[in-house]
Amino acid sequence: MKIYKINGPILKCHDDGSVKVKEMVEAGPGKLIGEVIDVSRSSATVQIYDNTDGLKIGQDVYGKGRPLSIRLGPGLIGSILSGLGIPLSTGPSPAAAPAVFNFSPAVTPEEKVFPGTVLGSVPEYGIKHCIMVPPGITGDLVKIQGGPAAPGDTVAEIRTVSGAIEKIGLFHDWPVRERRPFKERLGIAEPFFSGQRVLDFIFPLGRGGCAAVPGGFGAGKTIIQHSIAKWGNADIVIYIGCGERGNEIAQILEEFPELNDPRTERPLMERTIIIANTSNMPVTARESSIYTGITIAEYYRDMGYDVVILADSTSRWAEALREISSRLEEIPAEEGYPAYLASRLAEYYERAGNYLCLSGRKGTITAIGAVSPQGGDFSEPVTQQTKRYIKSFWVLDKDLASERHFPAVSWNQSYSEYIPDLEGWWLDNSKTDWAFLRQKIKDILQEADHLENIVKIVGFESLPDKQKLSILAGDLVKKGFLQQNSYDENDAYCVIEKQIAIARAITDFYDTASDKLKKSVSYYKISGLPAIEKIVKLKFMKFPSDEIENALSSIRGELIELA
Ligand SMILES: Nc1ncnc2c1ncn2[C@@H]1O[C@H](COP(=O)(O)OP(=O)(O)OP(=O)(O)O)[C@@H](O)[C@H]1O
Ligand SMILES: [Mg+2]
């Protein structure tokens, strides 16, 4: 086909019936990758995933005969990919993919194999990268070859039902907009821990669940996503820098190779894949980047891993969608976004979940997306449509951020619908009535917020002692529990045992002090206790340690002696 019109990344070509909708194409002498998005009687519309500067009318566009796909296989971990999954040559690559992988077979010839059957594995840092029978192939294994294997090599041969021989290598292509098949979708039954108290304890997310982090400019979206990428309890982290500033990606590239995963003590980059589509890269590749990311997530899920995928920010992604749609001269819906904004968001979030994979293994994809609405107005379409697909909503409040209450997660506007799914896990695994303790903390916050409004009118002194104590307890929750300093060595990440210990210290303090008030101990005797400062400092202590044990017992001691 020959190009007859160029509008940014959108090309119009004279079509001779050679291409299909969704087919991948190469355009011009630079073989720019694109996708056919529309065909009519004599013309085809093509979207190019690269910079089209220099492309000319009359140049050729060739159909590739297959949909827009990415290459899946070993070497993804530790790499930085473009929105199309192509390793970026620019930028410091923390881990160049080796050219040869050592393949260890897990099955023997003559076995019957199915889509998803694990044929063997190659080591990818600490991860066992499984080589599976690609979807769509069933038959008898006729040959399997262990040892060093390069990207083009065949490691196994399968005789399919038709008698044809399928050669299996370490790599296969998969269309990014198509979900990878699975056996069954399972319910959510385990928490996804981020190490952030306000999230894990108050507004939890389940493994395989979805969360959104809406927040205005500078509210802390990037820091919270980085914290989750660093400390979240996932085997694999996929981080999509989607239309944000280049320096935010640069920050990850600087930090991650130096930081160690607290569970494995290995560099974080050894379980991280970064997809970089900064604000100066083509909008079309930004649009596809989230699907590239979720396809890679499904690939590692199929091996039985727990994957977390973070996108910063889905608003920039939606803006890319809007820009492409306007170049296509489509009729805009709300605020200029195309009418299919909701369905495209669904095509992303609905691929998260807890799965029984074709291999028979269980794997999860947990998806977290930042939303950065203009002017912090959450009634805009991207936030509203996202809410349909997520169940944890972590609102970052600009007032809290300006008071330097970080993470600035609003306890009034945020919510989690995963509580009933996770209660059982907490009871079985932490031997704690977490739901009860959580509710108690929420009640303290609510009561304190209510009283603070009254204080604004009548002043603190005119409150009865019981209410003064409620305000004090609210303060303890905010300073000692909700606030978490991501730059502090001991506070950046908080294990759940420590979360429980701090939550208990605060609720026990409140209960005991309330009893003492009834026994005529004055409020000022309580508010003057050194225990209060000790509670606030618990979060900065190493856990477990003698220091925190001693602090906890001295807090209890002070309360008992109060008379
Ligand atoms: N948990 C935290 N601990 C300490 N400081 C924090 C924390 N979260 C955010 N901050 C502070 O807030 C600043 C802004 O955070 P961040 O860059 O994450 O905001 P953002 O919402 O991503 O902003 P933008 O809209 O510009 O992308 C940080 O540079 C840091 O000073
Ligand atoms: Mg940011």
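The values are calculated or read from the model by the stated rules, or taken from the named source; none is laboratory data. Given the structure is predicted, the values throughout are model-derived calculations rather than measurements. Note that we place each Cβ from the backbone using ideal geometry, even for glycine, and neighbour counts take in every protein chain shown.
For the stretch 202-216, the criterion of being over 17 Å from the mean Cα position of the chain (by Cα), assigned by TED's automatic domain parsing to the domain that holds Glu298, more than 29 Å from Ile70 (Cβ to Cβ) and within 16 Å of ligand 2 (Cβ to nearest atom) is met by at least one residue.
Suppose we filter Gly136, Gly152 for residues that are out of contact with any Pro (no Cβ under 7 Å at 6 or more places or on another chain) and not assigned by TED's automatic domain parsing to the domain that holds Asp306; which single one remains? Steps first, answer last, please.
On the way: Gly136 fails: out of contact with any Pro (no Cβ under 7 Å at 6 or more places or on another chain).
Criteria check complete, one pass: Gly152.
The number of residues in the stretch 344-392 that are among the aliphatic types (A, V, I, L, M), over 24 Å from Ile131 (Cβ atoms) and either buried (at least 18 other Cβ atoms within 10 Å of the Cβ) or touching a Pro at 6+ places or on another chain (Cβ under 8 Å) (or both) comes to 8.
Among the residues of the stretch 526-549, those that are surrounded by 17 or more Cβ atoms within 10 Å (Cβ to Cβ), part of a helix (DSSP H, G or I) and without any contact (Cβ under 8 Å) to a residue 40 or more places away in the chain comprise Ala531, Lys534. Does Ala408 qualify as being within 16 Å of ligand 1 (Cβ to nearest atom), surrounded by 16 or more Cβ atoms within 10 Å (Cβ to Cβ), more than 16 Å from Pro204 (Cα to Cα) and among the hydrophobic types (A, V, I, L, M, F, W, C)? Taking the combined requirement at face value, the residue does not satisfy it. In the stretch 1-84, counting only strands (runs of 3 or more DSSP E) that sit wholly within it, the ones holding 3 or more residues that are among the polar types (S, T, N, Q) and either without any contact (Cβ under 8 Å) to a residue 40 or more places away in the chain or closer than 22 Å to Val283 by Cα (or both) span 43-48. Of the helices (runs of 4 or more DSSP H) lying entirely inside the stretch 429-525, those carrying at least 3 residues that are without any contact (Cβ under 8 Å) to a residue 24 or more places away in the chain and of a type outside the set (Asp, Glu) are 434-458. Can you find a residue that is away from ligand 2 (no atom under 16 Å from the Cβ) and free of Cβ contacts under 8 Å to residues at least 40 places away in the same chain anywhere in the stretch 236-249? No, that holds for no residue.
Residues of the stretch 179-221 being touching a strand residue (DSSP E or B) at 6+ places or on another chain (Cβ under 6 Å) and either farther than 15 Å from Asn354 by Cβ or within 11 Å of ligand 1 (Cβ to nearest atom) (or both), which ones? Within the stretch 179-221, Val198, Phe203, Ala212, Val213, Pro214, Gly215, Ala219, Gly220, Lys221 meet the criteria. When restricted to residues that are buried (at least 18 other Cβ atoms within 10 Å of the Cβ), away from ligand 2 (no atom under 16 Å from the Cβ) and of a type in the set (Val, Ile, Thr), the stretch 301-343 contains 4.
Does Lys468 satisfy being basic (Lys, Arg), outside the structural domain of Asp399 (by TED's automatic domain parsing) and out of contact with any Asp or Glu (no Cβ under 9 Å at 6 or more places or on another chain)? No, not satisfied. Regarding Ile131, is this residue away from ligand 1 (no atom under 16 Å from the Cβ) and surrounded by fewer than 24 Cβ atoms within 10 Å (Cβ to Cβ)? No.
Within the stretch 28-39, identify whether any single residue is farther than 30 Å from Pro134 by Cα, surrounded by 16 or more Cβ atoms within 10 Å (Cβ to Cβ) and not aliphatic (A, V, I, L, M), and answer yes or no. Taking every residue of the stretch 28-39 in turn, at least one turns out to be farther than 30 Å from Pro134 by Cα, surrounded by 16 or more Cβ atoms within 10 Å (Cβ to Cβ) and not aliphatic (A, V, I, L, M).
Out of all the residues in the stretch 550-559, which are more than 19 Å from Ile471 (Cβ to Cβ) and either under 36 Å from the mean Cα position of the chain (by Cα) or touching a residue at least 24 places away in the same chain (Cβ under 8 Å) (or both)? If you could, list the steps in order and put the result at the bottom.
If we filter the stretch 550-559 for residues that are more than 19 Å from Ile471 (Cβ to Cβ), which is where we start, we get 550-558.
Once the filter is applied, which keeps residues that are more than 19 Å from Ile471 (Cβ to Cβ) and either under 36 Å from the mean Cα position of the chain (by Cα) or touching a residue at least 24 places away in the same chain (Cβ under 8 Å) (or both), the stretch 550-559 yields Ala551, Leu552, Ile555, Arg556, Glu558.
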